[in-house]
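Enquirer: Sharing a structure here in C-alpha cells format.
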Amino acid sequence: MLRLLTKMRRRDAISAVICALFVMGQIYFDLALPDYMSEMTVMLETPGSTTSDIWDVGFKMLACAVASGVLCIVCSFLAARTASGFSYTLREELFHKVTDFGHEELSRFSIPSLITRTTNDITQIQMVIAMGLQLMVKAPVMAVWAIIKIVGKNYTLSAITGGFAATVLVFMISIMLIVLPKVRRVQKQTDDINRIARENLNGINVVHAFNAEEYQNEKFEKANTTLTNTQLFNQRVFSLMQPVMNLAMNGLALVIYWVGAAIVNGISAADTALRISTFSDVITFSTYATHVVMSFSMLVMIFMFLPSAQVSATRINEVLRTNIKLREGSVTTAPEVGTVEFRNVSFHYPSSPQDQLKNISFKVNRGETIAFIGATGSGKTTLISLIARFYDATGGEVLVDGVNVKDYTFDALYDRLGYVTQRAILFAGTIKDNVTFGECGHEITEDGVYEALDLAQATEFVDNLPARADSPITQGGRNVSGGQKQRISIARALARKPEVMIFDDSFSALDYKTDAMLRAGLATRLKGTTCLIVAQRIGTIKNADKIVVLDDGEAVGIGTHDELMKSCEVYREIAMSQLSAEELGEEGA
C-alpha cells in the first residue's frame, strides 16, 4: 500500500497534507470542549458565578463545535479529491503498463483478473483513502492527545481506561488475523466470477447451440456460492466489531462514573471545593476516556476495509512491478527496403523448454510474396509473430530491412509493418475509426480510407451502409459478419501503406471469389510491397514467389509451388488433399 502511495501526484499529495493539518485543527477543537465543560461544571457548583460567565463559556463551546464542523466538511472534500485523483493516476499507470505487456507478460495474468485489478481493486483503495485520510490521522492523534490530557489526573481511572483500550486492541488484532486470509480469497474468487461470466457472454452462441445453459448456470452457481460464503464469513466477523466497540465505550463511561462517584463520596463533605474539583475532573476524564475508545472505534471502520485494500494494493503492485522483457532499441533507419530475413531462427515459449521453431532460414526481397503453410500447430503463426516482436527469437536473428528487429525503436519497426491478425479484431467506433486506428508514418486521409477499403474488397458492403465509412461498429464488431470484419481488418493494415504486409491466415473467412479478387488486387496495386502470408488453402498461396512448408517447427521445404510439388512430400500431400489432379495440372497427375 505504501509503495502505491508514492505514485500520488504532487497536487493530490498537497491536498492530503492540508487535509491532515485540518484534521489536527478539528481534533484541537474537539478536545477543547471537555475543558470548557469542566469549567462550566465548576461555575455551576460555585456560589457567586454569574450568568454572563456561563454564557461566555457556552459561546466558546459553540465556537469550538462550529469550527470543528467546518473543518470536518473541508477535510471530507479534500479527502474525496485526493482519493479520486489518486485512483485516476493509478488507473492510468496500470492501463499503460498493461498496454506495454507482451504475450509473455499477458500469459501471467488472466484477462478477467487484469480487468478486476483495474476496476474493483482500485475502487477498494480509493474507498480506504477517502475514509482513512481523515480517520487514520484523527484516530491515533486523538487517542494520544486525550491520553496525555488524562494521564496524572487520577491513576485509578487511568488504569481502567488503559485496560479497556488494551482489551479492544487485542480484539481488533485477533479479528484482523482471522479475516485477512479470507479477504485474499475474495479477490481471487471475484476473478473466477468475472472469468466465468466473460466466457459465457463471449461463447453465448455455443452455449445455446449445445444446450449448455444448465451446465453454465451450475458452474456460475458454484463460484458464486463460494464467493458469497467467504464474504458472509468476513461480514459476520466484522459485524462483531461495532457492538464490541459500543459496549467498550459505554462500559468505560459507566465504570468511570461508578468509580468516580466512589472517589467523590470518599471526600469529606466539609471540603466542598475539593469535591467540586474532583467531580469536575471525573466528568472531564469520562469525556476524554470516551474519546480514546472512540478513536479505536474509528479505526474499526478503517480496518473493515483495510484488509481488502491491502490485498488489492498487492495485486496492483504485481502488475506494476512486472518486468517487461521486450525492450525497444534505438535504430530508426535501415540500409534496405522491404526485406525480411530469418537467420537460423529458433524459438521456444517461456513456459516450455522445447523449441517451437528450429533453425528457420529464408529471405524475401522487396515486392516478393512469401507464404507459409503446414499442419495445425506446425508453428506458422509463431514464426510471423517474431517479425512483429510479439516474442523475441531465442536463437538466431530476425531482420527487417537488414536490421535486427530487436534494434529498432517500436515506432520505426511498426511503421514498416502492416499486420492482419488471425482473428479479426475491431474496436467500438466507426469503420473509419478502425481503418485509421493507431499511428503510422503518414497521415491517413479520407481518400486513403476508401482506397484501402476498396483494395480490401470492403466497398461492396460499406457503400451500401447509410453513413458509409462513418457507420458505427459495436464492441468487437458484433454488428458485422466475420468476412466483413476480416476485410475491415485488412483495410486497416493497407491504409498504413507499409513496406511489409503480414497476413496471418487472414483470408479464411472470405469466400473464394472475394479471396481471388483480393489477391489479384494485392498483386497489381501493391507491387512494391513485400507480402508474408500464412494460409491453409493452397489456392491462396499457389502463385507466391516462395512457399515455406513447416512441419513440427522445421522448414521441410522452401520453393515455388511447382518446385515443392516435386521435392516436398508434405506439401504434395496438402495439395492433393485440397485440389483435384486437373487443378494441380501435371504435378497432380
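Enquirer: Just name the residue that is modelled with the lowest pLDDT out of those in the range 562-589 that are surrounded by 14 or more Cβ atoms within 10 Å (Cβ to Cβ) and charged (D, E, K, R).
Expert: Among those that are surrounded by 14 or more Cβ atoms within 10 Å (Cβ to Cβ) and charged (D, E, K, R), it is GLU587.
Enquirer: Right, here's the next one. Among ALA334, ALA309, ALA313, which is the only one that is surrounded by 17 or more Cβ atoms within 10 Å (Cβ to Cβ), outside the structural domain of PHE507 (by TED's automatic domain parsing), more than 29 Å from the chain's Cα centre (by Cα) and not in a strand (DSSP E or B)?
Expert: The conditions single out ALA334.
Enquirer: Follow-up. So which of ILE115, ILE73, ILE122, ILE54 ends up being surrounded by 18 or more Cβ atoms within 10 Å (Cβ to Cβ) and β-branched (Val, Ile, Thr)?
Expert: The unique qualifying residue is ILE122.
Enquirer: Name the residue that is nearest to the chain's Cα centre (by Cα), counting only residues in the range 346-393 that are among the aromatic types (Phe, Trp, Tyr) and modelled with pLDDT of 90 or more.
Expert: PHE347
Enquirer: Condition check: surrounded by fewer than 15 Cβ atoms within 10 Å (Cβ to Cβ), touching a residue at least 60 places away in the same chain (Cβ under 8 Å) and part of a helix (DSSP H, G or I). Does ARG184 satisfy that?
Expert: When the stated conditions are applied, ARG184 does not pass them.
Enquirer: Shifting gears a bit: Quick check on my filter: what residues within the range 511-558 are of a type in the set (S, T, N, Q) and buried (at least 21 other Cβ atoms within 10 Å of the Cβ)?
Expert: THR530, THR540
Enquirer: Residue check: is PHE238 modelled with pLDDT of 85 or more and in the same structural domain as VAL293 (by TED's automatic domain parsing)?
Expert: Judged against the criteria, PHE238 is not a match.
Enquirer: Residue pairs, Cβ under 7 Å, 6 or more apart or interchain, first in the range 66-91 and assigned by TED's automatic domain parsing to the domain that holds ILE316, second modelled with pLDDT under 90 and small (Gly, Ala, Ser). List them.
Expert: If the second residue must be modelled with pLDDT under 90 and small (Gly, Ala, Ser), the pairs left are LEU71/GLY25; LEU78/SER15; ALA79/ALA130; ALA80/ALA130; ARG81/SER15; THR82/SER15; THR82/ALA16; ALA83/ALA130.
Enquirer: Working carefully through the options ASP30, ASP12, find the one that is in contact with a Gly (Cβ under 6 Å, 6 or more places away or on another chain), at pLDDT 80 or above and surrounded by 14 or more Cβ atoms within 10 Å (Cβ to Cβ).
Expert: Sole residue among the options that is in contact with a Gly (Cβ under 6 Å, 6 or more places away or on another chain), at pLDDT 80 or above and surrounded by 14 or more Cβ atoms within 10 Å (Cβ to Cβ): ASP12.
Enquirer: Quick check on the range 91-109. Is at least one of its residues more than 30 Å from ALA393 (Cβ to Cβ) and either of a type in the set (Ser, Thr, Tyr) or more than 12 Å from the chain's Cα centre (by Cα) (or both)?
Expert: no
Enquirer: Return a yes/no flag: does the range 203-211 have any residue that is of a type in the set (Phe, Trp, Tyr) and exposed (fewer than 15 other Cβ atoms within 10 Å of the Cβ).
Expert: yes
Enquirer: Also, quick follow-up: For the subset of the range 486-539 comprising residues that are part of a helix (DSSP H, G or I) and of a type in the set (Ser, Thr, Tyr), which member is nearest to ALA469 (Cα to Cα)?
Expert: Among those residues, the one meeting the criterion is SER489.
Enquirer: With the structure loaded, tell me whether LYS60 is within 30 Å of ILE263 (Cβ to Cβ), assigned by TED's automatic domain parsing to the domain that holds SER297 and either in contact with a helix residue (DSSP H, G or I) (Cβ under 7 Å, 6 or more places away or on another chain) or in contact (Cβ under 8 Å) with a residue 24 or more places away in the chain (or both) or whether it fails that test.
Expert: Yes, satisfied.
Enquirer: Right, another one. Can you tell me which of (1) modelled with pLDDT of 90 or more; (2) out of contact with any Gly (no Cβ under 6 Å at 6 or more places or on another chain) is the one PHE461 doesn't meet?
Expert: Condition (1) is where PHE461 drops out.
Enquirer: Hey, can you tell me all the residues within the range 399-421 that are under 29 Å from the mean Cα position of the chain (by Cα) and surrounded by fewer than 16 Cβ atoms within 10 Å (Cβ to Cβ)?
Expert: THR409, PHE410, ASP411
Enquirer: What is the residue count in the range 92-116 for residues that are in contact (Cβ under 8 Å) with a residue 12 or more places away in the chain and farther than 21 Å from ASN200 by Cβ?
Expert: 13
Enquirer: Condition first: aliphatic (A, V, I, L, M) and surrounded by fewer than 20 Cβ atoms within 10 Å (Cβ to Cβ). Now tell me which residues in the range 348-398 satisfy that.
Expert: Selection gives ALA375, ALA388.
Enquirer: Which of the residues that make up the range 164-202 are over 29 Å from the mean Cα position of the chain (by Cα) and either farther than 18 Å from LEU299 by Cβ or not small (Gly, Ala, Ser) (or both)?
Expert: PHE164, THR167, VAL168, LEU169, VAL170, PHE171, MET172, ILE173, ILE175
Enquirer: Taking the stated definitions as given, is GLY132 outside the structural domain of GLY438 (by TED's automatic domain parsing), in contact with a helix residue (DSSP H, G or I) (Cβ under 9 Å, 6 or more places away or on another chain) and crowded, with 16+ Cβ neighbours inside 10 Å?
Expert: Yes, satisfied.
Enquirer: Take the range 478-537 and flag every residue that is hydroxyl-bearing (Ser, Thr, Tyr), modelled with pLDDT of 90 or more and over 18 Å from GLU368 (Cβ atoms).
Expert: SER489
Enquirer: List the strands (runs of 3 or more DSSP E) that sit entirely inside the range 350-465 and contain at least 3 residues that are of a type in the set (A, V, I, L, M).
Expert: Fully inside the range 350-465 and qualifying: 357-364, 369-374, 395-400.
The values are calculated or read from the model by the stated rules, or taken from the named source; none is laboratory data. None of the values given here were measured: they were computed from a predicted structure. A quick note on method: Cβ atoms are made from the backbone with ideal geometry, for glycine too, and the neighbour counts reach across all protein chains shown.
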